[in-house]
Structure formats: C-alpha cells, structure tokens
Amino acid sequence: MANENNVTELIFSGLFQDAEMQKVCFVLFLPVYMATVLGNGLIVVTVNISKTLRSPMYIFLSSLSLVEICYSSTIVPKFITDLLAKVKTISLKGCLAQIFFSHFLGVVEVILLVVMAYDRYVAICKPLHYMNIMSHQVCHMLVAGSWLGGLIHSTIQILITIPLPFCGPHVIDHYFCDLQPLFKLACSDTFMEGVIVMANSGLISIISLLFLMSSYIIILVNLRKYSAEGRRKALSTCASHITVVILFFGPGAFIYMRPSSTFTVDKLVSVFYTVITPMLNPIVYTLRNAEMKNAIRKLFFI
C-alpha cells in the first residue's frame with residue numbers, strides 16, 4: 001500500500017540555534033547578498049553595454065554572473081529572513097522548487113566554468129583560429145547548452161524526489177532545502193535514490209574536473225612557446241578562472257561527493273558556496289582584469 005504525504009510544510013533547523021548568533025549572521029550575510037547582486041549585476045550590465053568587451057570570454061563571464069545572481073537568490077533571501085524568524089518554515093512544494101532551481105543553476109555554473117576553460121584553451125593553444133572556432137554563434141550555443149545541461153540534471157534529481165512519501169517528522173536539518181537532508185525525512189528507504197543522486201551529481205563533477213584539469217595541463221605545456229610577457233598575460237587570465245573553479249568545486253565536492261552522516265559541518269561548508277562564493281567571483285574577475293576595470297570606469301564616467 002502506497003504511503004500518502006501527510007507533510008505539507010517543513011521547518012528548517014537553521015544554521016545556529018542561538019538567537020544572538022542568528023542576528024550576527026543576519027548583519028553579516030545581508031551585505032554579502034547585496035554585494036553579490038550588485039557586483040554580478042554590474043558585470044552583466046558592463047559587458048552588455050561596453051563596446052570593448054565583445055570577446056567570447058566576456059560573453060561567458062556575463063552569463064556566469066547572471067547565474068550567480070539567480071543561484072544566490074534561490075537560497076539566500078529565504079535564509080536571511082529566516083535568521084530573524086523564530087520558526088523557519090517552507091512548504092513542501094516550495095522546498096522542491098528550491099531544490100530544482102539550486103541544482104539547475106549549480107550545474108549551469110559548472111558547465112559554464114568548463115566552457116570558459118575551453119575558451120582559454122582555444123585562445124592560448126590555437127590563437128590563429130580562435131575567432132573562427134569561438135564565433136559569437138558558437139558562444140551562444142555553448143551558453144544555451146549550459147542551461148540545457150542544468151535543466152536535464154535538475155529534472156532527473158527532482159523526478160527522483162517527488163514520488164517519495166513524507167509523513168513526518170517535518171524538521172529538515174539545514175537552512176535550505178537540499179536532497180540529502182530531505183531524504184532523511186522520507187517514510188521509505190531512500191538508499192537507491194541517494195545512490196542515483198550522488199551518481200548524477202558525482203558524474204557531472206568528475207567529468208567537469210577531468211576536463212578542467214586536462215585543459216589547464218595542455219595550456220601550461222603550450223605556454224612554454226610564449227614570450228615572458230605573453231605568458232604573464234595568459235596566466236593572469238587563467239589564474240582568475242582557476243581561482244573561481246577552486247572556490248566552486250572545493251566546497252561542492254565536499255558536500256556532494258561523499259556519504260553524509262551528520263549535517264553540522266555540511267551546513268557550515270554550504271554557507272561558503274551558497275553565500276560567499278557568488279560574491280567573490282565578480283571580485284576575482286574584475287580585480288585582475290584591466291579591460292573590465294576600464295569599462296566599469298567608462299560606464300560611470302570616471
């Protein structure tokens with residue numbers, strides 16, 4: 001006999017139980033979220049308005065910044081408002097929606113980072129054919145492919161989750177909805193669902209990491225042919241991308257590529273990739289990019 005859902009609303013345990021600590025987190029994280037939206041929004045606006053930022057690299061950077069805004073907005077506003085709430089509730093449908101969009105946008109970002117690595121590989125290893133290979137049509141197809149890949153991944157995850165019966169308890173041990181904490185609340189054995197989810201996420205992560213590592217090994221080998229100045233410029237551009245990759249994949253790998261027995265550490269690590277990393281990406285790219293800084297100055301007539 002199939003179990004029916006008795007749970008229509010879930011309660012988050014939150015990041016911390018202490019009320020004063022939650023107020024401190026509110027004061028810290030609200031400016032971080034605002035900086036995330038403003039910083040990434042500035043990149044999107046600058047790239048789309050500036051006539052000097054028309055290379056494929058900036059098309060991908062603009063897309064990445066848009067994804068960062070959307071991804072952060074899927075989780076952080078609810079998290080921040082919950083820091084001031086005594087009872088942190090979310091509907092089951094709202095929880096499933098948050099899972100869908102966070103996984104959707106997360107994988108879009110993964111694929112975009114891979115695409116940006118490919119762009120740097122073509123620029124450094126095949127400079128004479130760069131504009132033919134990375135035409136604007138190809139760039140827009142790669143961006144669209146990133147969104148399609150994220151949609152396919154997230155659809156698989158959510159189709160696995162929706163049939164699960166939830167009949168209580170209804171307290172989710174996290175500050176946002178994610179698959180592993182939600183599986184703990186199901187009234188049925190979720191071992192196979194957990195394996196499929198980890199395989200789905202893990203496969204994407206492993207393939208992406210292998211592609212990224214291979215790209216940069218080839219790039220480093222090819223840089224030996226460049227002059228000292230050429231190597232410096234190429235490495236400067238690549239360093240920004242590698243930094244963002246580490247910031248994204250480090251915490252993500254910790255959460256999704258291992259079995260979880262407790263969520264205490266997981267929640268603290270999750271804060272980094274849901275709240276902090278989206279703010280750091282625009283800083284990393286703009287501080288190391290003279291063209292971007294000049295375009296921003298012109299945008300504000302400085």
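The values are calculated or read from the model by the stated rules, or taken from the named source; none is laboratory data. Since we're looking at a predicted model, the values are computed, not measured. No Cβ is skipped: glycine too gets one built from the backbone with ideal geometry, and neighbour counts run over all protein chains shown. Ligands, DNA and RNA are excluded from the accessible area calculation, which covers all protein heavy atoms including side chains. Shrake-Rupley method; radii C 1.70, N 1.55, O 1.52, S 1.80 Å.
Residues of region 187-245 that are touching a residue at least 24 places away in the same chain (Cβ under 8 Å), in a helix (DSSP H, G or I), of a type in the set (Gly, Ala, Ser) and surrounded by fewer than 16 Cβ atoms within 10 Å (Cβ to Cβ): GLY202, SER236, ALA239.
Among the listed residues ILE111, ILE124, identify the single one that is open to solvent by 30 Å² or more (accessible area, probe 1.4 Å), in a helix (DSSP H, G or I) and in contact (Cβ under 8 Å) with a residue 60 or more places away in the chain. Step through it out loud before you land on a result.
Numbers: ILE124 fails: open to solvent by 30 Å² or more (accessible area, probe 1.4 Å).
ILE111 is the lone residue from the list that is open to solvent by 30 Å² or more (accessible area, probe 1.4 Å), in a helix (DSSP H, G or I) and in contact (Cβ under 8 Å) with a residue 60 or more places away in the chain.
Among residues belonging to region 143-157 that are open to solvent by less than 20 Å² (accessible area, probe 1.4 Å) and among the polar types (S, T, N, Q), point out the one that is farthest from GLU193 (Cα to Cα). Selected residue: SER146. Confirm whether GLU9 is open to solvent by less than 60 Å² (accessible area, probe 1.4 Å), among the charged types (D, E, K, R) and within 24 Å of GLN180 (Cα to Cα). Considered against the rule, which asks whether it is open to solvent by less than 60 Å² (accessible area, probe 1.4 Å), among the charged types (D, E, K, R) and within 24 Å of GLN180 (Cα to Cα), GLU9 comes out as no. Apart from one condition, ASN132 fits all of (1) surrounded by fewer than 19 Cβ atoms within 10 Å (Cβ to Cβ); (2) farther than 29 Å from CYS95 by Cβ; (3) touching a helix residue (DSSP H, G or I) at 6+ places or on another chain (Cβ under 8 Å); (4) polar (S, T, N, Q); the exception is (3). Against the test of being open to solvent by less than 10 Å² (accessible area, probe 1.4 Å) and either at pLDDT 95 or above or within 23 Å of the chain's Cα centre (by Cα) (or both), the options PHE79, PHE100, PHE26 yield a single qualifying residue, PHE79.
Select from region 176-229 the residues that are among the charged types (D, E, K, R), modelled with pLDDT of 85 or more and over 23 Å from THR274 (Cα atoms) and list them in ascending order.
From region 176-229, those among the charged types (D, E, K, R) are 178, 184, 189, 193, 224-225, 229; that's our starting set.
Now narrow it down to the ones that are modelled with pLDDT of 85 or more: 178, 184, 189, 193.
Within region 176-229, ASP189, GLU193 meet the criteria.
Here VAL110 meets the list (1) out of contact with any His (no Cβ under 7 Å at 6 or more places or on another chain); (2) more than 20 Å from GLU68 (Cα to Cα) almost entirely, failing just condition (2).
Please verify whether region 33-40 includes one or more residues that are crowded, with 17+ Cβ neighbours inside 10 Å, of a type in the set (Val, Ile, Thr) and free of Cβ contacts under 8 Å to residues at least 40 places away in the same chain. Explain how you work it out, then say what you get.
As a first pass, look at region 33-40 and keep what is crowded, with 17+ Cβ neighbours inside 10 Å: 33, 36-37, 39-40.
Of the ones still in play, those that are also of a type in the set (Val, Ile, Thr) are 36-37.
In the following step, the residues that additionally are free of Cβ contacts under 8 Å to residues at least 40 places away in the same chain were identified as 37.
There is at least one residue in region 33-40 that is crowded, with 17+ Cβ neighbours inside 10 Å, of a type in the set (Val, Ile, Thr) and free of Cβ contacts under 8 Å to residues at least 40 places away in the same chain.
Residue-level check: of (1) touching a residue at least 60 places away in the same chain (Cβ under 8 Å); (2) surrounded by 18 or more Cβ atoms within 10 Å (Cβ to Cβ); (3) in a helix (DSSP H, G or I), LEU53 misses just (3). Checked against the criterion of being closer than 14 Å to HIS103 by Cα and not hydroxyl-bearing (Ser, Thr, Tyr), region 159-171 contains one or more residues that satisfy it.
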